[in-house]
Amino acid sequence: MMRAQRISHSSGLNNTKNHRRTNFKNPDKRFIGQPIFGFVRVNQPRFSPRTHTKDDLYSSLRLFLIFGKLIGLMSIQGLFQKDYKKLGLRKSTFSSIIGIMIILALGVNAGVGITAFRNTELLRMDQYAWSFAHFFYYSLGLFIFYHNYRHISKFVQIIYNWNKVHIYFTQPDAHLFRDVNLVATFIMASAIGENVFVNLRHVPLGAETGELLKSLNITAWELYFLRANKKWASLASYHHALSLYTFICDKLSLYAWNYTDVTIVIFARALYYKYQALYLEAEAVLLKGGSDVSKWLQLTTDFETMRELLDQVNNFISPLIFASYGVSIYFMCLMFHNSVNPYTNTTQVANIYAYWAVAHLVVRVFLVSVASARVSQWAHHITELIRRCPAEAYVMEVQRMDRYLNENVIGFTGLDCFTFTKPMILKVVGVIFSFEVVLLQALQLSLKKSSSCSPHK
């Protein structure tokens, strides 16, 4: 009899545990136990999203990622499949081996930039500024390929998490696919066109070319190599294999640099839309009459979800922002100076290249700066909602979110050295202006010096 009572009591406890376990697995009844901003653990209900259409980041990026795979930058398996769940990574694939070979090739070119610096005769201030260009250009390409090879798993994880993210205050991003492919096509096509004129500058053209080739006793290919690869020409003699090697490395570094800027713009565009939708949807729901405290708690949960998603993106893209943006500012200053420098604009092709290069870099820096600054802008728009929060809804979790927004700058960062905001863009413009003033003054001194030494005076 006592044994029967024990068995009955034990079965009752098991039924109670199973009932609790079933209730916890029910998504309509479970409670969130995640820390808000890393302070304390709260319990609040999770609502079903206001929209059932999820943003498929992978479908919008797939064509862009396939192009990255073709240039050896994205060693991701399964890009030709439409389902993001079929994406994978394997270090022993052909694309991974190609990536390692590209890293080694660009590393050699970066080393040549340092070695040949000692053998270069520098007479003008602008030549000193340009003397680091070869090293920075190929070092950036080397870093981009290495970073993508080493941390590509973080990129794949972002795609997985993006499709699994649960946000109540949101709307589907209907124009993400259009914007991604429009920006990518425009930037990459402009980069290809600009590089065509880079090479045309060094192609032997004109009536005097034949006499020059005869006097130097070299072929047209050798003259092109000497003009296009001055660093290599100071260290090694011409060879067809060396010329092809330098030509391919130049294209790989160029495409990797532009591809990185487009990647930054795409992620900034996708994230600032999510922050914008969070603000607008929350404004429509929370500020109308009869809104309860649970919806304000849901806003804190959605904001924490967005913060985690932004941290994941920053974890992958922040080193690329630091390297690419810094080199872009450096080259933009040089290109501005190059467009007004009479020493370099000696032909019509050189003039076209100078202005195209300036316009191309300005557009890229503008897109990266503005799109990234909008992430911070829309993230901090949430403070406007909190300012109009009713007193009864201004609970502890909302207060913590308010304090977090006021004490931190949210947005895309470059290794935490800077964060893209609108004031930061104005500071960058000031730096470019100051650098250009110094170079232009140095150019005027060089022109005066050369004119004073002219034999016609």
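Quick notes on this one:
- Rg and Dmax [Cα atoms of the range 187-236; Å; Rg one decimal, Dmax integer]: 13.1, 42
- Relative to the Cα centre, the charge distribution of the range 62-446, modelled as +1 at Lys and Arg Cβ and -1 at Asp and Glu Cβ, gives a dipole magnitude of about 740 debye.
- Computed from the C-beta positions of ASP292 and PHE177, the FRET efficiency with R₀ = 45 Å rounds to 0.80.
- Net charge, GLU194 excluded, C-beta distance under 15 Å - Lys, Arg +1, Asp, Glu -1: +1
- Potential lengthening of the chain between ALA241 and ASN217 amounts to 6.6 nm, from the contour at 0.36 nm per residue minus the alpha-carbon distance.
- The chymotrypsin sites (Phe, Trp or Tyr not before Pro) found in the range 270-372 that occupy coil by DSSP, while having at most 15 further C-beta atoms within 10 Å, are TYR343.
- Per-pair calculated FRET efficiency, R0 = 35 Å: VAL437 and VAL395 via Cβ, rounded to 0.05: 0.05
Coordinate-derived values only; no laboratory data. This one's a predicted model, so the numbers in the text were calculated from it and none came from an experiment. Cβ atoms come from the backbone with ideal geometry, glycine included; neighbour counts cover every protein chain shown.
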